[in-house]
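Asks: Before I ask anything, here is the structure I am working with.
Taken together, the values in this text are just the output of simple stated rules run on the coordinates, not laboratory data. Keep in mind that what you see is a predicted model, and the values were worked out from it rather than measured. In this analysis, Cβ positions are derived from the backbone assuming ideal geometry, glycine residues included, and neighbour counts consider all displayed protein chains.
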């Protein structure tokens, strides 16, 4: 049991260090991209922002892989671990098969528990919001009859509302009150907007982003999540304009819904309410450009190749560092 706790503590330390490195990189890249984001085409921007949001989690996973991959592969019988090839080389070997973990430290354990407790608290808030969305939707549906037409649920309720709910099977809901405040073309634009959210699984993307937010430093996580939400709205605005063939109807619908519709819960996607000025301006004046994917992909490939090509050196360096602190 103590050995298991020791390995868990060691894994926690490595994950935290990896996540911190990823968070530092994400913060720096976010500042670099910040002034350019507004001009980047929304779908491309969403990819960039999602990558930055995931960076701390990816870095933590990579750090764990660099340290523990040899012993895991040895335990699975895939390859033989290299511990026997460098006996005495390190005070400690990060190997499940041929080594013992350091004794658990009460101080380190308390710090790790506090950090993971904060993550659990943050994720529980997101889960609570999901449950509130379900409760609110149930209350709205109870207000009147529900009819399904062309994949959209129409609720006979007076509140003007349009929202997309669901992660893996998103569903679009609109209320009868929506027709009373919108013209026919505006109404079709709103429905097309919500369908675009559902078809592109924007609810799931945003949920993953919110779960990654507490891994970032300072306001970086909040900034990235806000920009992801805006990119999702602009993608759906563009899809709505293409569907109805009228950008002005979409812009007018955005402004009308902002003035009269209720605010959406955080985990439901609803028309209106997200950076209205930027959405309307983008709808009417946007001159998007694409990022230089060649440079971005090249940097990513070189980073992966650098880790793979220097894997042994990284593994031994981390073992040396762990030997000093444990």
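Asks: Where does each of 191, 208 land when they are ranked from fewest to most other beta-carbon atoms within 10 angstrom?
Replies: In increasing order of surrounding Cβ atoms, one gets 208, 191.
Asks: Among 236, 169, 243, which comes first, then next, by fewest other beta-carbon atoms within 10 Å?
Replies: If I rank by nearby Cβ atoms, fewest first, I get 169, 243, 236.
Asks: While we're here: Test of understanding: ordering 173, 187, 118 by Cβ neighbours within 10 Å, fewest first, what list do you get?
Replies: 118, 187, 173
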